[in-house]
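Q: Submitted below is the structure of interest, expressed as C-alpha cells.
A short reminder: the numbers here are calculations on the coordinates, not readings from a lab. Note that the structure is predicted; figures quoted are calculated from it, not measured. Cβ placement follows ideal geometry from the backbone for every residue including glycine, while neighbour counts extend to all protein chains displayed.
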Amino acid sequence: MTVPSSPPGLSDDALRRLRDAAELPEPDPSRYLVLERIGRGGMGAVYRARDVLLKRDVALKVLHVGADGGDVAARLTQEARTLARLEHPGIVPVHDVGVLADGRPFYTMKLVQGHPLDDVVRGRPQADLLRLFSRICEPMAFAHSRGVVHRDVKPQNVMVGEFGEVLVLDWGVSKWASARDAHDAALPAAAAGIDTGAGAVVGTRGYMAPEQARGDSANVDSRADVYSLGMLLTHMLSLSSTRGMPRPLSAILRKATSVEPAARYADAEALAKDVLRLLAAERVQAHRENFLEQTLRLYRRHRTLVLLVAAYLLVRLILLLWQANTAPGG
Amino acid sequence: MKKPLYGTILGGVLGIFDGLTALASAPETAPQIMSIVLGSTFKGLLAGFLIGYFARKVKSLPLGIVFGLFVGFLLAAGVVWMNVASGQPGYYWQILLPGSLVGLIVGYATQRHAELAPQR
C-alpha cells in the first residue's frame, strides 16, 4: 500500500491520519487485533494489540511501510532474537515473531505499562537515583555477560514499571560482541553483522561513546554502553532535588565517560558495583580518597556504632568526674 | 565474618578497654589490674559470643539491643556479686553501667553486621 507524499487539498493532520491508517498493520485477525499505535521510531512502530487466542494485550512491533526490506527487516529479526535470548526481568520478553500479509516482519512482546524515566527521577534525592540507576545496570550487566551490547542506552529507552521495576527497551541496534556469541545464539551471519561495518554510526548523539560516534564499530563493546550509562546517570542527577555532588560520585562519572574505552569500567556490572559501594559508604574503585575523606566515610558508614562508643566513653568520663567529686577530700 | 565471631572480637576489645579503665576509676585496684583486665576480657568475650549467637538466630535490631543490654547487665552484676562476696567494694555504678552499655553496643553492632553470603 502506498500513500502519496503530498496530495493536493489535504491538511497535514488529515495526511498524517491517512498515513497512520495506511501503516496500520494487518496481522492474522484470528491471532492479533491491532488497537492503537503507542510508539514510533525511525525503523518501525509499536502498536497495542489484542492477542485473540491468549486474551491479553501485547505490544506489536512492525517495520514502517516502505522501509527498505533488507537490512532493516533483518535488524528487526535480530532484535527479536536478541530479546528472546536475553531472559531477564529488566528486558521485555518476546512472545511471537511473524510476517504480515504485506511482507513486513513483526514481533510481539509483553506490553510494558510504566512511566518514562524522566517522569520518575525528576525531583528525587540523589541516593534514590543512584539506587534506581544500579537497577538499570542489572539488565545491562546481564546482556554484557551474554555478549550483547545495547548501543542505544538513553532515558527514552528506560521505563519504570508500576511496581518500580526497571525495563531497558529498544534493542534494535544491539550488537553481539563477537562473531562467536552471534554464532552461539544461532543468528544468521548477516543479522549478527548488521550495521557493524566500518563507518556505520548507530546510537543517539549525546549518549553514544566517542568510538561509536566515529563509526568505529569494531571497537564498540560493553564499554560503549558503560559510556552511555555514565551519560544517562549524569542526566538523571541533573534532575535530582539534591544539589552538589560528592567527589567519589564525580569520579565514577568521569571514569564511566572517559574518552578512552580502556579507562572506563569493563562493563555495566563493574559500574553498578562502584555505585553500590558509594551507596554503602564503601571505598569506590574510581576514587583515591585522602585521610579526611576516608575518616568521614567510615564515620558515615558506622555512624550509630561510633555514637554508641562515644556514649560509652561519656558514661566512663561522667563516672570518673562523679567519683572524683564524691571521693573523701575531693 | 560470622556474627558470633564478630561479637566475640568486639566484646573482647571492649572488655580489655573496660578493664583498663579501672586504673582511672579505681586507682587503688592497680595491683590487681592484670586479673581485672583478664576477667573483664573474658566477660566481654562471653557476652560478645552470646550476643553474636543471638543475632545470628534472631534478626531484630530492637531485640538484639535488649538482649545485649540484658547479657551485659547480667555479667556485670555477676562481677559485682563476686566483689561483694569476697568482701571488696561493689563498685555498682562503675561496673553495671559500662558493662550494660558494652552489651548494648555489641547487640547493636552484631545486628547491623552483615555476614558475607557464600560464594556462588
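Q: Give me the one-decimal nm value for the distance between modelled label points at A:LEU24 and A:GLU87, 7 Å along each residue's Cα-to-Cβ direction.
A: In this crude spin-label approximation the distance works out to 3.6 nm.
Q: Once you keep just the Cα pairs under 8 angstrom separated by 6 or more residues, what percentage relative contact order results for the range A:22-110?
A: The value is 24 percent.
Q: So, one more: Can you figure out the FRET efficiency of A:SER250 with A:VAL112, using R₀ = 25 Å and their beta-carbon distance, to the nearest 0.05?
A: It comes out at approximately 0.15.
Q: Mind checking which aspartates and glutamates have their C-alpha under 16 Å from B:LYS2, skipping anything on the same chain fewer than 8 residues away?
A: List returned: B:GLU115.
Q: To continue, here is another question. Sort A:230-243, A:301-314 for me by packing, meaning the mean count of neighbouring Cβ atoms within 10 Å per residue, highest on top.
A: Result, highest mean first: A:230-243, A:301-314.
Q: Taking the Cβ of each residue in A:LYS255, A:LYS110 as the centre, tally the other Cβ atoms inside 10 Å and list the residues starting with the fewest.
A: Neighbour counts put them in this order, fewest first: A:LYS110, A:LYS255.
Q: Continuing with this model, one more query. Helix B:3-20 sits at what angle to the longest principal axis of chain B, using alpha carbons and giving 0 to 90 degrees rounded to 10?
A: Computed tilt is about 20 degrees.
Q: With label points built 7 Å along Cα→Cβ from the Cα atoms of B:SER86 and A:ALA311, find their separation and express it in nm.
A: 3.1 nm
Q: Right, next: Please work out how many pairs of lysine residues in chain A are eight or more positions apart (or on different chains) and have Cα atoms closer than 30 angstrom.
A: Qualifying lysine pairs in chain A: 13.
Q: Next up: List every DSSP H helix in chain A whose Cα atoms extend 27 Å or more along the helix's own long axis and whose mean Kyte-Doolittle hydropathy is at least -1.0.
A: For chain A, where a helix must reach 27 Å along its axis and average at least -1.0, the hits are A:126-145, A:303-326.
Q: If all Cα-Cα distances of the protein assembly as shown are sorted into 20 Å bins from 0 onward, what percent lands in each bin, rounded to whole numbers?
A: Over the protein assembly as shown, the share of Cα pairs per 20 Å bin runs 20, 36, 23, 15, 5, 0 percent.
Q: Another question about this same structure. Using a Förster radius of 22 Å, what is the FRET efficiency between B:TRP93 and B:LYS59 based on their Cβ-Cβ separation? Nearest 0.05, please.
A: 0.10
Q: Please name whichever of A:LEU76, B:GLN111, B:LEU38 sits farthest to the positive end of the charge dipole of the protein assembly as shown, dipole taken about the Cα centre and charges placed at Cβ: Lys and Arg +1, Asp and Glu -1.
A: Projecting each Cα onto the dipole axis, the largest value belongs to B:LEU38.
Q: Can you compute the charge dipole magnitude of chain A about its Cα centre, using +1 on each Lys and Arg Cβ and -1 on each Asp and Glu Cβ, nothing else charged? Give it in debye, rounded to the nearest 20.
A: Here the size comes out at about 1320 debye.
Q: Between A:ASP102 and A:ARG17, what FRET efficiency comes out of the Förster formula 1/(1 + (r/R0)^6) with R0 = 25 Å and r the beta carbon distance, rounded to 0.05?
A: It comes to 0.80.
Q: Averaged over A:309-319, how many beta carbons belonging to a partner chain fall within 10 Å of each residue's beta carbon?
A: That works out to 5 on average.
Q: Over the range A:22-110, what portion of Cα pair distances is larger than 22 Å, expressed as a whole percent?
A: 20 percent
Q: In what sequence do B:ASP18, A:ASP13, A:ASP118, A:ASP225 fall when counting other Cβ within 10 Å, fewest first?
A: By the 10 Å Cβ count, ascending, the order reads A:ASP13, A:ASP118, B:ASP18, A:ASP225.
Q: If I model a spin label as a point 7 Å beyond the Cα along the Cα-Cβ vector, how far apart are those points for A:ARG205 and B:ILE16 in nm?
A: For A:ARG205 paired with B:ILE16, the spin-label model returns 6.5 nm.
Q: Under the rule of at least 5 residues apart or a separate chain, name every residue whose amide H is placed under 5 Å from the amide H of A:HIS95.
A: For A:HIS95, the qualifying residues are A:THR108, A:MET109, A:LYS110.
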